[in-house]
1. What is the number of the single condition among (1) farther than 29 Å from Arg149 by Cβ; (2) surrounded by 17 or more Cβ atoms within 10 Å (Cβ to Cβ); (3) among the β-branched types (Val, Ile, Thr) that Thr75 does not meet?
2. Report the residue count in the range 102-115 for those that are without any contact (Cβ under 8 Å) to a residue 40 or more places away in the chain and out of contact with any Cys (no Cβ under 9 Å at 6 or more places or on another chain).
3. Only residues in the range 127-144 that are in contact (Cβ under 8 Å) with a residue 60 or more places away in the chain count as the first member; pair them with residues that are β-branched (Val, Ile, Thr), Cβ under 9 angstrom, at least 6 apart or cross-chain, and list the lot.
4. Can you tell me which residue in the range 16-64 is surrounded by the fewest Cβ atoms within 10 Å (Cβ to Cβ), limited to those that are touching a residue at least 40 places away in the same chain (Cβ under 8 Å) and outside any helix (DSSP H, G or I)?
5. Among the residues of the range 126-144, write down those that are assigned to a helix (DSSP H, G or I) and either among the basic types (Lys, Arg) or in contact with a Lys or Arg (Cβ under 6 Å, 6 or more places away or on another chain) (or both).
6. Out of the range 145-160, which residues are assigned to a loop (DSSP other than H, G, I, E, B) and either farther than 15 Å from Tyr120 by Cα or touching a residue at least 12 places away in the same chain (Cβ under 8 Å) (or both)?
7. Which residue, of Ala108, Ala142, is small (Gly, Ala, Ser), at pLDDT 95 or above and surrounded by fewer than 14 Cβ atoms within 10 Å (Cβ to Cβ)?
8. Identify all residues within the range 99-131 that are among the polar types (S, T, N, Q) and under 9 Å from the mean Cα position of the chain (by Cα); write none if there are none.
Amino acid sequence: MLRAQRIAHLRGQQIDYDETERLKAKLAKLQRRRQPFYLTSSEFEEILKWKLGRQINRQRERRSANTDETIRKVTGLALTITHPDQDYELELRTGILCTLRGVAVPVASAILALVFPEKYAVIDYRLWRQLFGQLKYVFSVADYKRYMRAMHPLARELNWPVQEVDHAIWEYDRRGAKGRWP
């Protein structure tokens, strides 16, 4: 398991750090103004561009079935539903977001991480490799729950939002820590 001390120096060092902070600030502002909170299709697309990068065209045709109204309603439910059991809340939110065409657990996790950076992180093969020492490219909701259970102790130890921990681990892996598990 990756130790917090290995990534502490990487806070804010990621390639897309500024864009991530801009998106988080934009969504936080919208969340304060828009009650109940939801995403529009353009906000949804902005998150997809951030998460998918060069892979943005993958599943584009499939995602085109998501109307603005569908995106508003689905994200509205996913981003406002709460439950006292945090694992179950994560399961609900992720499952609801995955009802959108072309959205699987990694994209759902990106939405959650940008809207709720204190609670959620983006799941990714790089982070899975660093946390669990395994290569994995397809993730289930159960995997996301396991992943988040591993992320929260690191966030507490570093006293960072969990989303910033995910960014630091991603950068740690990108810089060449592949296969190194302290």
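1. (1)
2. 2
3. Close Cβ pairs (under 9 Å, with a partner that is β-branched (Val, Ile, Thr)) amount to Gln130/Ile7; Gln130/Ile169; Leu131/Ile169.
4. Looking at residues that are touching a residue at least 40 places away in the same chain (Cβ under 8 Å) and outside any helix (DSSP H, G or I), I get Pro36.
5. Arg126, Trp128, Arg129
6. Correct list: Trp160 only.
7. After applying the criteria, what remains is Ala142.
8. Ser109
The values are calculated or read from the model by the stated rules, or taken from the named source; none is laboratory data. Everything numeric here is computed off the predicted structure, so don't read it as measured data. Note that we place each Cβ from the backbone using ideal geometry, even for glycine, and neighbour counts take in every protein chain shown.
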